[in-house]
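Asker: Sharing a structure with you now.
The values are calculated or read from the model by the stated rules, or taken from the named source; none is laboratory data. In this text the structure is predicted, and so the values were computed from the model without any measurement. Note that each Cβ is placed from the backbone with ideal geometry, even for glycine, and that neighbours are counted across all protein chains shown. The protein model used for the area step is the full one, side chains on, heavy atoms only, and it has no ligands, DNA or RNA in it. Shrake-Rupley method; radii C 1.70, N 1.55, O 1.52, S 1.80 Å.
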Amino acid sequence: MGCSGRGTTNRNTTSSRTVPQVVTRCHPSSEGGRRDPGRCTFQLRAVILTCMAKQEQFLDVVDRDVAERRFRDAIGPIQCDSEKVTVVQAWGRVLTDDVLSPIDVPGFDRSNYDGYAVVASDTYSADEQTPIVLQLHKGVAAAGSAIQGEVVSGQAMPIATGGMVPRGANAVVLIEYADEDGCEVVLRRSVAEGFGIAYAGSDVALGECVLRQGSRITSRETGVLAAIGVTEISVVRRPRIAILSTGDEVVAPGQPLAPGQIYDSNGQILADAVRELGGEPVRYGIVADDLAELERRVATAIDECDVVLLSGGTSKGQGDLCYRVVSQFDDPGIVAHGVALKPGKPICLAVTGGKPLVVLPGFPTSAIFTFHEFVAPVIRRLAGGNEKVRTTIQARLPVKVLSEIGRTEFLLVSLVHSNDDSLPLAFPMGKGSGSVTTFSGADGFVVIDRHTEMVDVGHLVLVQLLGRDVPIADLVVIGSHCVGLDYLLGQLQQRGFTAKSLVVGSTAGLDAVASGQADLAGIHLLDPSTGRYNETLLPEGVCLIHGYRRRQGVVYRRGDGRFAGRTAEDILRHSEREPSIMMVNRNAGSGTRILLDQYLSGRRPSGYAMQSRSHNAVVQAVKQGRADWGVAIERVARQAGLAFEHLADEHFDFAVRTSKLETDSILAFKELLCDRVTTGQLAEMGFLQFATDETTSVRQVDSSDQ
């Protein structure tokens, strides 16, 4: 949305734009072929309004720094008020007042050891060769008890760790350097005055400031508070953050999905992100495309909360009601609508009554990026923290990355060990702003400046971590997707090895292993010249761990008479002759794509250009009617309730660098493939084990094999 110098909304949106010329013809009416001018006018208006709606998407796309400055200036200095909480509830909160100790700690002269309380000067001549003998005092200085009696020169009183040092004593001899003999104590070590004693107030003195305002309470601080007997403290109130998801297509998890609907993932992601920042999320549910209801809930949220977040409806199209609601505020109201970011361009930033009101993009990755960029600092400020706290790590890009000039880009990356064990590699994860799994699988992100068009291979980048502690996985798997591999990695995790998996296809996975970007790659590549899987295609320095066989076939909806009674190869030939039959393909470089291309022999049935990244994506496209057939593995097809016609058995093996064969994680992976329980479960999943002598065998190649 355009903004004036005062940050108010510019509502004169058409004066500076040229309405496109529209040519229309009047249709004859039903009466004698005469034309209906009223109908012509209506059609002309409809076309013009449609064009204007398309042009109104972003009235003032501004730079990220400009948007942030406007937003901060409109909010002003903010922090939630204080509240009293018990120490039990205080973890993670921020103090608003200094904490002064009401007592001395310790509150008495306390022994640090089990031993004997003595007068130090009595022990000066004692050693192993010439011990001294003192009289055993009848009293005992036990922990938690007041002491009756006094130690005088020539006496030693038994004392426990934490016991009160008796009057007259000024040192403690450790019990291992003393022996009792009736009414006497033999000491074999001398001690200096004050040895073994923590004097009253030596840890914390009465009235001493033990914690200062602005401190965040962790386990260390709660320990201090407990030690001084404080049970209640004053902290910054948790900011209340309203979260509303919008749109007719959004459904709460657990409810049935109708065609075209999606589950609300943004609401949960944002709620937990708010908790991580020290805020209290307040869920206002899902609001359908009902302007009056959305206005009502937004008004309630503004009254009850410190920040209001709406998810979806930022592009100012005809169905985007969020913008229409937010644009009604003018104090100052919208300060930025459209920011030069990728992803996240459609974000709408507004402030009303001093409270931030933000419309986040509907796509999950865009929503969470813009949340962390603009909203997270505000929540940290409200909660009394440092708004710029971010954990970063240096890494290198293993591939060239192209960016768009003029837009700051956030590139999600997954961190993997480099081959030379120096800086980690930041592997880009590009699935688009609509992906939920991209964000959950990423370790952090790289900010590419809006003036940068390309970041070259090996470039040093700063990765902003998405969590406080992001360990690099023990095993990095980059290659083809298989639910059998998912099961194996889950079992490996139970054995104490963390694994990270990126799905890029067999060919790219093999390249990743060869270049040292991955430890392991699941591959199923058919060599057309030999008819053999995987073995003849290994680059130098890469070997193969035999995995299992799986059945590939043509999948289609049950009851589709066009395919009933046909073999898989018949279906391929029939689809080529019938343009109305739509296929769904796999991504280039995947083993399934290579297999299918061999059977098609250069033919291109309808839908050949529609590519999916996994077997699951193929069967869903067929199940939902977006395609009529595709090629996938049998287990996934059966799970989806689709018909399956066997096409070929393929070998799903694992490529690994020869230098990594003896690493703990690879050895554990090989052991899994020999485990009877594991192989039995794989068999139940439809994955067939090789002959025993082939399982986990390793084939190594050199350049002469190629």
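Asker: When only residues in segment 169-182 that are assigned to a loop (DSSP other than H, G, I, E, B) and modelled with pLDDT of 95 or more count, which is surrounded by the most Cβ atoms within 10 Å (Cβ to Cβ)?
Answerer: Ranking the qualifying residues of segment 169-182, first place goes to Ala169.
Asker: Among residues belonging to segment 537-556 that are surrounded by fewer than 19 Cβ atoms within 10 Å (Cβ to Cβ) and among the basic types (Lys, Arg), point out the one that is nearest to Ala648 (Cα to Cα).
Answerer: Arg551
Asker: Cβ-Cβ under 6 Å, sequence separation 6+ or interchain: first residue in segment 559-570 and among the aliphatic types (A, V, I, L, M), partner open to solvent by less than 80 Å² (accessible area, probe 1.4 Å). Which pairs?
Answerer: Once the first residue is among the aliphatic types (A, V, I, L, M) and sits in segment 559-570, its partners that are open to solvent by less than 80 Å² (accessible area, probe 1.4 Å) give Ala568/Gly553; Ala568/Val554; Ala568/Glu645; Ala568/Leu647.
Asker: Here is a follow-up. All but one of (1) closer than 24 Å to Val235 by Cβ; (2) in a strand (DSSP E or B) hold for Arg390, so report the exception by its number.
Answerer: Failed condition: (2).
Asker: Same structure, new question: Given the options Val105, Val186, name the one that is modelled with pLDDT under 95 and either crowded, with 18+ Cβ neighbours inside 10 Å or touching an Asp or Glu at 6+ places or on another chain (Cβ under 6 Å) (or both).
Answerer: Val105
Asker: Considering only residues of segment 185-220 that are in a loop (DSSP other than H, G, I, E, B), over 14 Å from Ala171 (Cα atoms) and basic (Lys, Arg), which is farthest from the chain's Cα centre (by Cα)?
Answerer: Arg188
Asker: A follow-up question, please. Given the condition outside any loop (DSSP other than H, G, I, E, B) and either on the phi > 0 side of the Ramachandran plot or acidic (Asp, Glu) (or both), answer yes or no: does some residue in segment 221-228 qualify? Please lay out each step first, then the result.
Answerer: Taking segment 221-228 first, the residues outside any loop (DSSP other than H, G, I, E, B) are 221-227.
Filter once more, keeping what is either on the phi > 0 side of the Ramachandran plot or acidic (Asp, Glu) (or both): 221.
Yes, the conditions are met somewhere in segment 221-228.
Asker: Could I ask something else about it? Find all pairs meeting these conditions: Cβ atoms under 6 angstrom apart; at least six residues apart or on different chains; first residue within segment 625-647 and in contact (Cβ under 8 Å) with a residue 60 or more places away in the chain and among the acidic types (Asp, Glu); second residue buried (at least 24 other Cβ atoms within 10 Å of the Cβ) and not in a helix (DSSP H, G or I).
Answerer: Glu645/Val554
Asker: Looking only at residues in segment 250-289 that are charged (D, E, K, R) and in contact with a helix residue (DSSP H, G or I) (Cβ under 8 Å, 6 or more places away or on another chain), which one is farthest from Ile379 (Cα to Cα)?
Answerer: Ranking the candidates gives Asp289 first.
Asker: Considering each of Gly76, Gly107 in turn, give the residue that is touching a residue at least 40 places away in the same chain (Cβ under 8 Å) and either β-branched (Val, Ile, Thr) or on the phi > 0 side of the Ramachandran plot (or both).
Answerer: Testing whether each residue is touching a residue at least 40 places away in the same chain (Cβ under 8 Å) and either β-branched (Val, Ile, Thr) or on the phi > 0 side of the Ramachandran plot (or both) leaves just Gly76.
Asker: Would you be able to tell me the number of residues in segment 265-277 that are surrounded by 16 or more Cβ atoms within 10 Å (Cβ to Cβ), in contact with a Pro (Cβ under 8 Å, 6 or more places away or on another chain) and under 19 Å from Gln79 (Cα atoms)?
Answerer: Of the residues in that region, 1 qualify.
Asker: Is it the case that some residue within segment 312-334 is outside any helix (DSSP H, G or I), open to solvent by less than 30 Å² (accessible area, probe 1.4 Å) and within 27 Å of Val455 (Cβ to Cβ)?
Answerer: No, segment 312-334 contains no residue that is outside any helix (DSSP H, G or I), open to solvent by less than 30 Å² (accessible area, probe 1.4 Å) and within 27 Å of Val455 (Cβ to Cβ).
Asker: Suppose the filter is among the hydroxyl-bearing types (Ser, Thr, Tyr) and surrounded by fewer than 19 Cβ atoms within 10 Å (Cβ to Cβ); does Thr391 pass it?
Answerer: yes
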